[in-house]
Amino acid sequence: MKTSLTFLQKLAYALISVCLIILLLYYAQSFFIPLAFAALFTLLLISVANVFEKWGISRGISALIAVLLAILVVLFVFYFISSQIISFRNDVPKVAQQLYIAVTDLENWAQQRFHISDQHLKKFIDSITAQSMSSTSAIVGSTVSTLSNVLVYLVLIPIYTFLFLLYRHIIIDFFVKSFGNTHALTVINVLHRIRLMIKDYIFGLLIELLIVAILNYIGLLIVGVQYAILLAVVAAILNLIPYLGIYTATLFGMLVTYTNNTPSAVLGVAIVMIIVHLIDSNFLLPKVVGSKVKINALATILGVVVGSLLWGIPGMFLALPILAILKIIFDSVESLEPWGYLLGDDSETKSTKSAKRKNIFNKLLNRKK
């Protein structure tokens, strides 16, 4: 005999399930973060591995070659950035000296503006220094822990990616068998759409990175900044972090420029980076990346906030592709279609919207009959 659950019972079960999933993702983040990145890289490298398999190379060797090619690309980018940082290393003492001069000027300004005596100002600075030194051990401990996690991720992500590529057919068969033969076509279609979407999204992200770096480089050359390449690449990478990235990149660029340029050049760096960010957020991101991932602004912001609370900076990077994957799944399951509609954007035509509403209305009528 079938017993139908009440609305409150369904809501309670849903809330308990969501809470358990959130707790699992938070406390097991060291396990899920490299797994999530490896899954994204796998979806990106499947096409590369398929090309090598068509050439007659075995599946294991094809997966290994694809992962090695990806590692070489990452190492090349890392070498390029590190070489620029090494060239900047000689100016690090200048940065410290300029900061000391700036702090001294700030002290003199505070004394003249607020009529603070040297003794009171010295006590205030000493108290701030003491508080900073007391928290230094905690900062060092967290930094060491973060670096150790990064090193572990750098080892685990390539291994996971290789294994996912090697056993991708087993993973697909697992999902097909889990949902039964009646839903086999739907499962295969969903997996295929997810793979294409992730591949287009990552390629679009790389194109956006390249364009933003070139625009920043051209603007910084016009301003006359010495380390234009380094600042342009760093700003393009930090620009991927929502909200905080552009401010961090601007402050870093102004600080570096302040060591060996005029104040007008420092102001020019801020203007260039803000203009490029406005061009990126209003034109590049919607056209190059946003066209691949149909997620509205509200869902994106909430996803980034939740991702940062659960997994920190990696969660902010993973929020958008995970939301896009969830939307594809929601759109493919009839009972979850409202959630997919909630995540979607408002760029559809009126005819498409009316057709969807008519379809939902017909489904409701059929259920009542």
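Read-outs: derived from the displayed coordinates by stated rules, not from any lab. In this text, all values refer to a predicted model and were calculated from it rather than measured experimentally. Note: ideal-geometry Cβ built from the backbone for every residue, glycine included; neighbour counts use all protein chains shown.
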Requested in this report: For Ile275 and Leu251, compute 0.36 nm times the residue count separating them, minus their Cα-Cα distance, and round to one decimal in nm.
Outcome: 7.2 nm
Report summary line: In order over the stretch 188-197: 3J(HN,Hα) from phi, Karplus 6.51/-1.76/1.60, θ = phi - 60°, whole Hz, x for each Gly or Pro, gives 5, 5, 5, 4, 5, 5, 5, 4, 5, 5
Query raised in the report: Counting only residues 5 or more places away or on other chains, whose amide H sits under 5 Å from the amide H of Asn239 once H atoms are built in the peptide plane?
Result: none
Report task. Mind checking the stretch 1-90 for chymotrypsin sites (Phe, Trp or Tyr not before Pro) that DSSP puts in a loop (not H, G, I, E or B) and that have at most 14 other Cβ atoms within 10 Å? Result -> Trp55
